[in-house]
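The values are calculated or read from the model by the stated rules, or taken from the named source; none is laboratory data. Small disclaimer: the values here were computed from a predicted structure and weren't measured. We place every Cβ from the backbone using ideal geometry, glycine too, and count neighbours over all the protein chains shown. What goes into the accessible areas is simple: the full protein's heavy atoms, side chains included, and nothing from ligands, DNA or RNA. Shrake-Rupley method; radii C 1.70, N 1.55, O 1.52, S 1.80 Å.
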Amino acid sequence: MDTDEITVLLSPEALRLIDGLGEIDGTDAAARAVSRLRAAGHGSDLVAAVVGQARLRHRARAKFGDLAGRMLFTRAGLEQATRLEIAARHAARFRDAGLRRVADLGCGIGGDALGFAGLGLQVLAVDADEATAAVAAFNLAPLRETASVRCALAQDVDLSNVDAVWLDPARRAGDERLRADEWSPPLKWVFGLMERLPAGVKLGPGFDRDRIPAGVEAQWISVDGSTIELVLWSGALAREGVARAALVVRGGRAAELTAAGDADDAEVREPGTYVHEPEGAVIRARLIGEVARRLDAGMLASGIAYLTSDEPTDSPFVQSFRVREQLPFDVKALARALRERGIGTLEIKKRGVDVDPAQLRRRLKLQGAGAATLILTRCGARRTALLCDRV
């Protein structure tokens, strides 16, 4: 989104039309809205901006709930924005550490700044992109007593009047392998700032662990089955004795594992009554062994993130499957076995084996009214197929 587009979007006429449209889901509804607005005499640029926002508000509900209905978005900003419930958790860590004045450097559309300001912290939200900063200013306007917005480079901001910083360095979507100087601001500058001020730095969950600075807390976060981010904490924001953490949020409930370092793997066992798949945050944090010991479980194979036990569990750190039987790791034999059992709906999961689930599904030619989960993996050194039911 450029400055001309944001100028159109922030006009009283555009804002009135956006509020009148509500949320739009799908291309057919969008096309009908465009036709109605064009027939009413509105220009093409205005219509495109208004309908685009109505569609983004619908998508934003997953992250911002009812608040999305009064916000503005850019496509990239919404994709990168922190979910409001997670932003509130981040803000609570600043508050609980007694840090009241925060600079949010790389604020995007203002998702994290909403969390800070919503808890009564004074937040200076900064973004280098003029249009994005304007969107953030709109979104934070109801909290103007605690939030202000500035368009500037993070490196140019005077931080003498803040207690701590929150940073979300810009990167190409999905690419965590950039050189340190290809991020904005550069990671060398970001990590140097972490040594001078208490800081939280939001990175993608796939960030190279070898590049994590020494002496910081690394916290991976999963929400409703998706691993969404890695946050590095320094200074008063880092918990004593914690170097690795996995925060799992599912259905609004949160649970966390913490450790002084990576956990050793558990022993390898033959498949028991249950197979457990650790949450993504647990895997990224390399705390699988810690979960295994809590569950009195073993691993199906060394280095593969499947655990097994004979007892059920309600642990928030795993998804569990009850094993029906082991089947041959052979496509023809699998297809025959699944037909005999009437399995027509099959969830296919795999780790540690070279299998394309979509291609395998076509070759299995499933039919029947039954449903199951097929886990393709290794047990020790051999490949195996486990027919299971989700618990």
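Some values worked out for this structure:
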quantity	calculated
Evaluation of GLY108 against (1) under 18 Å from LYS202 (Cα atoms); (2) more than 18 Å from the chain's Cα centre (by Cα) (one fails), failing number	(2)
Subset tally (residues that are touching a strand residue (DSSP E or B) at 6+ places or on another chain (Cβ under 6 Å) and in a loop (DSSP other than H, G, I, E, B)) for region 274-295	3
Meets criteria (open to solvent by less than 10 Å² (accessible area, probe 1.4 Å), among the polar types (S, T, N, Q), under 29 Å from SER222 (Cα atoms) and touching a residue at least 40 places away in the same chain (Cβ under 8 Å)) for THR373	yes
Residues of region 238-268 that turn out to be closer than 19 Å to VAL291 by Cβ, basic (Lys, Arg), in contact with an Asp or Glu (Cβ under 9 Å, 6 or more places away or on another chain) and surrounded by fewer than 21 Cβ atoms within 10 Å (Cβ to Cβ), as a count	1
Members of region 84-102 found to be aliphatic (A, V, I, L, M), in contact with a helix residue (DSSP H, G or I) (Cβ under 7 Å, 6 or more places away or on another chain) and in contact (Cβ under 8 Å) with a residue 40 or more places away in the chain, listed by number	ALA97, LEU99, VAL102
Pairs, first at pLDDT 95 or above in region 140-162, second among the polar types (S, T, N, Q), C-beta under 7 Å, six or more apart	THR146/GLN122
Top-ranked residue of region 339-351 - restricted to ones that are touching a strand residue (DSSP E or B) at 6+ places or on another chain (Cβ under 7 Å) and more than 12 Å from LEU376 (Cβ to Cβ), ranked as surrounded by the fewest Cβ atoms within 10 Å (Cβ to Cβ)	THR345
Residue list for region 289-313, filter: open to solvent by 20 Å² or more (accessible area, probe 1.4 Å) and closer than 21 Å to ARG382 by Cα	SER302, GLY303, ASP310
Region 352-365 - residue that is at negative phi and in contact with a Lys or Arg (Cβ under 8 Å, 6 or more places away or on another chain) and, of those, most open to solvent (accessible area, probe 1.4 Å)	PRO357
Positions within region 314-335 being open to solvent by 50 Å² or more (accessible area, probe 1.4 Å) and in a strand (DSSP E or B), in sequence order	GLN319, ARG322, ARG324, GLU325, GLN326
Residue check for LEU178: modelled with pLDDT under 95 and touching a Lys or Arg at 6+ places or on another chain (Cβ under 8 Å)	yes
Members of region 209-237 found to be under 26 Å from LYS63 (Cα atoms) and either touching an Asp or Glu at 6+ places or on another chain (Cβ under 6 Å) or of a type in the set (D, E, K, R) (or both), listed by number	GLU217, ILE221, SER222, ASP224, GLU229, TRP233
Given (1) open to solvent by 50 Å² or more (accessible area, probe 1.4 Å); (2) in a loop (DSSP other than H, G, I, E, B); (3) closer than 30 Å to SER222 by Cβ, index of the condition ARG55 fails	(2)
Unmet requirement for VAL190, which otherwise passes all of (1) free of Cβ contacts under 8 Å to residues at least 40 places away in the same chain; (2) in a strand (DSSP E or B)	(2)
Matching residues in region 18-31 - criterion: being assigned to a helix (DSSP H, G or I) and either open to solvent by less than 20 Å² (accessible area, probe 1.4 Å) or of a type in the set (Phe, Trp, Tyr) (or both)	ILE18, ALA30
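For (1) crowded, with 22+ Cβ neighbours inside 10 Å; (2) in contact with a Phe, Trp or Tyr (Cβ under 7 Å, 6 or more places away or on another chain), each residue gets a yes or a no:
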| site | (1), (2) |
| --- | --- |
| GLY77 | yes, no |
| GLN80 | no, no |
| ALA87 | yes, no |
| ARG93 | no, no |
| GLY106 | yes, no |
| ASP112 | yes, yes |
| ALA125 | yes, no |
| ALA131 | no, no |
